[in-house]
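**Q** Below is the structure I would like to discuss, written out as structure tokens.
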């Protein structure tokens, strides 16, 4: 799994955040700078009026296919635990074709069978 944070902040801003923010200084993944908004536009989160991004996350599988999207208003916090749960569920389903991770699935929980004959069983 590769995690990359992308913002419209400059590389210098990221450097300062890493040095001064108690939260950001512990970030263990790459922080990419998109001051022109090119990446943000391609994912549909660019806000031209402010030159900022909406807060969004995109889970992209190893084949380059977007498997999950969440876009939130700026003042709304994101749930890292739920993001990690979803990534783990997607990895488990990818490793087990024909299976699904039901709502609330946690690592270690059984996956369920898929198919129309399974409708209403879970």
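The values are calculated or read from the model by the stated rules, or taken from the named source; none is laboratory data. Since the model is a prediction, treat every value here as computed from it, not as a measurement. Ideal geometry is used to build each Cβ from the backbone, glycine not excepted, and the neighbour counts take in all protein chains shown.
**Q** Given the conditions (1) assigned by TED's automatic domain parsing to the domain that holds residue 1; (2) at pLDDT below 90, and given that residue 61 satisfies all but one, which numbered condition is not satisfied?
**A** (2)
**Q** When you scan segment 104-122, how many residues do you find that are without any contact (Cβ under 8 Å) to a residue 12 or more places away in the chain and closer than 27 Å to residue 29 by Cβ?
**A** Qualifying residue count, segment 104-122: 3.
**Q** Testing residue 5 on (1) at positive phi; (2) under 17 Å from the mean Cα position of the chain (by Cα); (3) surrounded by 12 or more Cβ atoms within 10 Å (Cβ to Cβ), one condition comes back false. Which one is that?
**A** Of everything listed in (1) at positive phi; (2) under 17 Å from the mean Cα position of the chain (by Cα); (3) surrounded by 12 or more Cβ atoms within 10 Å (Cβ to Cβ), residue 5 misses just condition (1).
**Q** While we're looking at this one, here's another question. Looking at 71, 39, which one is in contact with a strand residue (DSSP E or B) (Cβ under 7 Å, 6 or more places away or on another chain) and assigned to a strand (DSSP E or B)?
**A** Numbers: 39 fails: assigned to a strand (DSSP E or B).
Just a single option satisfies the conditions, and that option is 71.
**Q** Report yes if some residue within segment 44-52 is assigned to a strand (DSSP E or B) and in contact (Cβ under 8 Å) with a residue 40 or more places away in the chain; otherwise report no.
**A** Keep residues of segment 44-52 that are assigned to a strand (DSSP E or B), which gives 46-47, 52.
Pick out the ones that are also in contact (Cβ under 8 Å) with a residue 40 or more places away in the chain and you get 52.
Yes, that holds for at least one residue.
**Q** When the residues of segment 74-94 are filtered to those that are assigned to a loop (DSSP other than H, G, I, E, B) and in contact (Cβ under 8 Å) with a residue 12 or more places away in the chain, which remaining residue is nearest to the chain's Cα centre (by Cα)? Quick ask: steps written out before the conclusion?
**A** Just the residues of segment 74-94 that are assigned to a loop (DSSP other than H, G, I, E, B), to begin with: 74-79.
This time we only want the ones that are in contact (Cβ under 8 Å) with a residue 12 or more places away in the chain, so: 74, 76, 78.
Numbers: 74: 16, 76: 15, 78: 10 Å.
The qualifying residue nearest to the chain's Cα centre (by Cα) is 78.
**Q** Does residue 97 count as within 30 Å of residue 113 (Cα to Cα), more than 13 Å from the chain's Cα centre (by Cα), part of a loop (DSSP other than H, G, I, E, B) and not assigned by TED's automatic domain parsing to the domain that holds residue 109? Steps first, answer last, please.
**A** Numbers: within 30 Å of residue 113 (Cα to Cα): yes; more than 13 Å from the chain's Cα centre (by Cα): yes; part of a loop (DSSP other than H, G, I, E, B): yes; not assigned by TED's automatic domain parsing to the domain that holds residue 109: no.
Here the answer is no, as residue 97 does not meet what is asked.
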